[in-house]
Each structure stands twice: as C-alpha cells, then as structure tokens.
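First comes the structure, then the notes that go with it.
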Amino acid sequence: MDKAVSTDKLTKRFGDFVATNEITFDVAQGEIFGFLGANGAGKTTAIRMLCGLLKPTSGSATIAGFDVYRQTEQIKQVIGYMSQRFSLYEDLTVRENIRFYGGIYGLPKTELRRKADEIIQTLELGTVADKLVASLPLGWKQRLAFSVALVHDPRIVFLDEPTGGVDPITRRQFWDMIYEAANRGTTIFVTTHYMDEAEYCNRVSIMVDGRIKALDTPAAMKQAFGVDSMDGVFQILARGTSTK
Amino acid sequence: MYRIQFIIEKEFRQIFRNKVLLRMMLAAPMMQLILLSLAANFEVKDLNIAVVDQDHTTYAQRLTGKFRFIGNFRFVGYLPAYKQAYRELQAGTVDLVMVVPGHFERDLTRDNKAQVQLMVNAIDGSKAGIALGYAQTILRDFNEAIRTEAMGVIPAGRVQIDVENQYWYNPQLDYKTFMVPGILFELLLIVGGMISALNIVREKEIGTQEQLNVTPIRKHEFILGKLTPFVVIGLVQFTMGLILGKLAFNIPVVGSPLLIYGFALLFLILCVGIGLLISTISETQQQAMFAVFFMMVLFILLSGLFSSTENMPQWAQYLNIINPLRYIIEAGRNVMLKGSTLQDMQIQFLSLSGMVIGVLALASFRYRKTV
C-alpha cells in the first residue's frame, strides 16, 4: 500500500449543510500535500474525518490502508495531528509534554527519554526544557507541537493551519522542519492560508464550498490558470464562485 | 494499561502545580466542615417571650419566673394588654406571648384548673412548634409543682407515667456529632463531582481533548487515568476531615475504619463518575458548573442532611431512592456513631454499588472520541 491517503466521494453533512461534498483524491506516501481553501470551505471537516474524529456521512476513505469507518483506532496509531488550536499543556514543562504524549502513544520509557533529549536538542530548547510551555513564545510552541505530533514516528501527519499567527522567519523554520520530516518518509498533509507556503508543497488541492476545484502540482496549476503565483490561482478559484 | 500511568502522572503534576486550586480543594472543605457543623443546629435558643399578666398574683409571678430562668427563653418584659402583645408579635420583637388571665390563681386553687394563653409567631413553623413544645413542658412542670404543694403528695389513685428519654449513640443530643459525618460526605461530593467535571471540560475548551482523541488512547484508559487522581485526593480530604472531626468535635469512629473507608471509596468513585458524565454533556465549564450545582443542591436538600427525610412528601421520598448522598450519609452516621457493620448497611452498600456501575457505564457510553 503506497497510498498514504485515499478518498472516494467522501462527504459530510450537518443537517442540510454539506460541509464536504464528494471529495476524491489520493496522497502518495512521503508526499507534501497542500490542502487549500478559504475559511469555511470544508478543510477542517475533511481533516477531522481523515483523523477519525468525525464519522463521514457517505463515501469512503483509507488512511495508510485503514478504513475511516471501521479502523479508526488503527489509524490513530499511524497518524500525527496538529490542530489550529494549540494542543500542548501550558501548565506542563517542555519535557513533561513530550513524555506525556510519547507515553500515550505507548513508547517505552527509555525511548521516551531519548526522544525528549532529541527533540530538545533539535529545537535548541535546552535552556527552557524544564520551563512551563506557557512561558514560551508562540513560534517555539508551534515547533514543539509539531515535534510532539511526530513523537511516535507516524506515517502521516495532519497539520491544520500550523503556522497561523507567527512571523515569516518562524514560518520558514517551520517549513524546514516539514521538509526534514518529509525526507525521512513521513507524509505531510497540510492546510494553510499562506500562498507562499502552497508553493513549497509537492501537490496542492484547492477546496471551494466543500468541493475540490483543482488538484495538481503548483507549477502545473499556475500554467493551467495562466498566472505566475499560487495566489493568482487561488484568487481566480475563490472569486469565481463568490461573484456568481 | 501502560498508558494510564502517564495520564495519572500528568493529572497529579497539573493538580500540584495549580497551588491555588490545591489549597482550595483541601483547605476550603475543612473550613466548611467546621463552620457548617457549628452553625447547623436545630436547637432553638433565645426565644423572646413577653408576658401579659392580668392577674398580678403570686402564682402568676411564679409561672412567669419559670420562663425567666430557662436557657431557651429570654424574658423581654411584661406587656400591659393584648393590643401591645399583638403589636410586638407583628413587629417580630417577641416570638411568644403568654397571657395569664385575671382570676388565674383563684381558679387554680378553687376549681383546680386554670387557663393560660400562648401566642406564637409561626412564620417559621418549625421554630414555632419547638417553642410551643418547650412552653408546654414548662407549664406541665409548673402544674406538677403546684399540685404537689397543694396536696402534699401526688394524689393517690392517679397513675403517673413519665416518659424518660434516653438518647443512644449521641447521648448529649449534640448536633455536631450528627452533622459532621454528613457534611464530610457532602464535601466529597462537591470536590469529587465538581472538580473532575470541570477538569475534563477544561481540556475540551483548550483543545487538548481533541489532541487526545487522535491518539490511540482507549476509553477506559482515559476514564481510569482521569478519575484516579481525584479519588486519591478525595480520600486525603476524607482522612483530614476524620482527623479534624476527632480533634475539633470529638467525633468517634465507632465502627470499622476499613468499612468507613470502603464506603468513602465507593462514594468517591460515584462522585467522579458523575463528574465525568456531566463533562460528556457539557461543552463549556459554565455549563458543567451549572449542571453540577443543580444536581448537588438537589442531592443535599433531599439527603436528610439539613432536614429529616421522614417529613418530606411521598414523591420526594421516592426521588430520594436515587439520591446517593442519602445512602452515604446514612452509612456514614451509622458506621461512625453506632458501629454498624457491612451487614447492617447492606442496602446502602448495594444501592451505592449499583449507582457506581450505572453511572460509569453511562459515562463511558456517552464519552466519545469523535466529535
């Protein structure tokens, strides 16, 4: 199974509202897949279905070969997840957060210690390793949250707007980390509102009103729409429906 | 099961790091235990009594005198007539007015019977009833004294039956003895139920719950890991309460300490289970707080802690069948004061066990890892 994510007409309805409307796409193992769309386009709903947080209404999907209806617990063992909402415990230290999440994923104790040292060293958090997470700057917290999402070496990691609210330098550092993880073979499934970030992805999809309107490499997409940036592509697609 | 230790460890770290909450959880209940035990008292003291004396004789004065030297009454003075008596009652400055009619002494000595009138302010019905009871006892006492004086001896041929009360297990009829075990368990309900509910809902609010839901953590692991720390803290609190009860109020534990801890453990599991159940139906701490409060007030008022359950209407007594606080207070009082055994407390034990199973089953059914 070399498909990390595979969906077929995956749909989620909330009453009359169709949040995600028959989306069909594949993500290859090791790929950086950009999942774009305006606010309310249905990205978060789609991610939640893929992570097993939300039961789909219809359609089908598999994550690393596991079915999103029946095998949610197996899915949870092989995925990492970092939501828009900050997911670390502010009243625990850096080291305690790593230990807790690692423990929850069932890492043995020696491995927990090794992982904590490794993350602290990579992120250069040595001086604040025993400080409460609450005292760290936002950019550091987000890089730590990403490392924690990878603590159990998942095959796929879902990042829901991981870089919201941080400065361009920190964003750049964050993307360096994403590349490193991808080089180690982790599939990256990332949503973002920053179109420069979209250019870093291997392939991107653009969602508008619950549907996937375009899916291709950034270069092919720019060529198809005759513009020179992903921002241009996004404007055409998003405005195209909003003025109708 | 390996994962549970990490949850327990994390909870304890967070609890001990939140110094304010920790202090509140341990110190506030102890303060409440002392204050409530001292304050909750059904004894009626300092009833203000006024007398309308229309007879002005020795007997009338002697009768009035009886009320002057009894702890429960405070003699506020004579009033000239009914009119003033009404006014004082209405104003609330007196609780009780005794009217001694004219010819009281003459009727008593000549006809061997006389009447006095008692007027009681009955806005607070239970207080009025108790006041009247006290007053009647005094009148009967007076009656006896007069009769003995007049006849020299208790008249033959009249059999006197006196009821002598003996209060077992709480010989001084000390309300503190009665209240402390009750309040001890009420406090476990507050800390166990409220803190655990708020703790879990807080994780929902800050978003860490969602993070936990994408991990392979199992339902029972989450529930056990989350609830264990609160049960442990509840047991610490209970121990402190027992020690305080002994030191401050000399409340004994007559029965088996093991049994009383067994009941405390059972009740705590139930409390945190209720907290968990409430957290599954609440999205915000506000909602959880409201739900916990609503339930707690109901449990406490119906439990018989502050008023006796026997006087409640039938429907309230039916409602009490599902009131865990009632069972645990019954068990607590009986085991602590009377030395009851598990066999004596079967009903309480089985009812609480049933509720524990029911609540935990419902909570784990309601608890979802999906949103």
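If you check A:Q74 against the conditions, is it more than 7 Å from chain B (Cβ to nearest Cβ), modelled with pLDDT under 95 and in a loop (DSSP other than H, G, I, E, B)? Please lay out each step first, then the result.
On the way: more than 7 Å from chain B (Cβ to nearest Cβ): yes; modelled with pLDDT under 95: yes; in a loop (DSSP other than H, G, I, E, B): no.
Here the answer is no, as A:Q74 does not meet what is asked.
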Task: Condition met for A:F86 (touching a helix residue (DSSP H, G or I) at 6+ places or on another chain (Cβ under 8 Å), facing chain B (nearest Cβ under 8 Å), in a helix (DSSP H, G or I) and farther than 22 Å from A:V204 by Cα) - done: no
Open item on the list: Cβ-Cβ distance below 8 Å, separation of 6 or more or different chains: which pairs start in the stretch A:187-205 with a residue that is within 17 Å of A:I23 (Cβ to Cβ) and end on one that is among the acidic types (D, E)?
Closed with: A:V190/A:E197; A:T191/A:D160; A:T191/A:E161; A:R203/A:E31; A:R203/A:D216; A:V204/A:D216
Task: One residue from B:Y2, B:Y59 being on the phi < 0 side of the Ramachandran plot and more than 14 Å from chain A (Cβ to nearest Cβ) - done: B:Y59
Task: Sole exception among (1) surrounded by 13 or more Cβ atoms within 10 Å (Cβ to Cβ); (2) assigned to a helix (DSSP H, G or I); (3) small (G, A, S); (4) free of Cβ contacts under 8 Å to residues at least 60 places away in the same chain for B:A27, by number - done: (1)
Open item on the list: Can you report the number of residues in the stretch B:39-64 which are modelled with pLDDT of 80 or more and surrounded by 13 or more Cβ atoms within 10 Å (Cβ to Cβ)?
Closed with: 16
Task: Residue that is nearest to the other protein chains (Cβ to nearest Cβ), among those in the stretch A:97-118 that are closer than 17 Å to B:G225 by Cβ and touching a Leu at 6+ places or on another chain (Cβ under 9 Å) - done: A:G103
Open item on the list: Can you report the number of residues in the stretch A:33-52 which are farther than 22 Å from A:I178 by Cβ and within 11 Å of another protein chain (Cβ to nearest Cβ)?
Closed with: 3
TODO: Could you check how many residues of the stretch B:60-76 are under 30 Å from the mean Cα position of the chain (by Cα) and closer than 17 Å to B:D107 by Cβ?
DONE: 0
Task: Options A:R99, A:R13: the member that is farther than 30 Å from A:Q121 by Cβ and either of a type in the set (K, R) or within 13 Å of the chain's Cα centre (by Cα) (or both) - done: A:R13
- [ ] Might you check whether a residue that is hydrophobic (A, V, I, L, M, F, W, C) and surrounded by 14 or more Cβ atoms within 10 Å (Cβ to Cβ) occurs anywhere in the stretch B:278-286?
- [x] yes
- [ ] May I ask you to verify whether B:T93 is β-branched (V, I, T), out of contact with any Ser or Thr (no Cβ under 8 Å at 6 or more places or on another chain) and not in a helix (DSSP H, G or I)?
- [x] yes
TODO: Answer with yes or no whether B:R368 is part of a loop (DSSP other than H, G, I, E, B), touching a helix residue (DSSP H, G or I) at 6+ places or on another chain (Cβ under 9 Å) and not polar (S, T, N, Q).
DONE: yes
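If a residue must be more than 19 Å from B:V180 (Cα to Cα) and either under 13 Å from the mean Cα position of the chain (by Cα) or at pLDDT below 85 (or both), how many such residues does the stretch B:22-38 contain?
Within the stretch B:22-38, residues that are more than 19 Å from B:V180 (Cα to Cα) and either under 13 Å from the mean Cα position of the chain (by Cα) or at pLDDT below 85 (or both) number 1.
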Open item on the list: So for the stretch A:22-32 (the condition being more than 22 Å from B:P216 (Cβ to Cβ), more than 14 Å from every other protein chain (Cβ to nearest Cβ), touching a Cys at 6+ places or on another chain (Cβ under 6 Å) and not aliphatic (A, V, I, L, M)), does at least one residue qualify?
Closed with: no
- [ ] Please go through the stretch A:126-135 and pick out each residue that is touching a Leu at 6+ places or on another chain (Cβ under 7 Å) and more than 13 Å from every other protein chain (Cβ to nearest Cβ).
- [x] A:V128
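When you go through B:I15, B:I49 one by one, which is the residue that is away from chain A (no Cβ under 14 Å) and either among the β-branched types (V, I, T) or touching an Asp or Glu at 6+ places or on another chain (Cβ under 8 Å) (or both)?
Details: B:I15 fails: away from chain A (no Cβ under 14 Å).
Answer to the selection: B:I49.
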Open item on the list: Condition first: among the aliphatic types (A, V, I, L, M) and either within 14 Å of chain A (Cβ to nearest Cβ) or touching a Leu at 6+ places or on another chain (Cβ under 6 Å) (or both). Can you find one or more residues in the stretch B:345-354 that meet it?
Closed with: yes
- [ ] Could you tell me whether any residue of the stretch A:153-175 is free of Cβ contacts under 8 Å to residues at least 60 places away in the same chain, within 13 Å of another protein chain (Cβ to nearest Cβ) and buried (at least 17 other Cβ atoms within 10 Å of the Cβ)?
- [x] no
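The values are calculated or read from the model by the stated rules, or taken from the named source; none is laboratory data. It should be emphasised that the depicted structure is a prediction, and the values quoted were computed from it without experimental measurement. Glycine also receives a Cβ, built like all others from the backbone with ideal geometry; neighbour counts cover every protein chain displayed.
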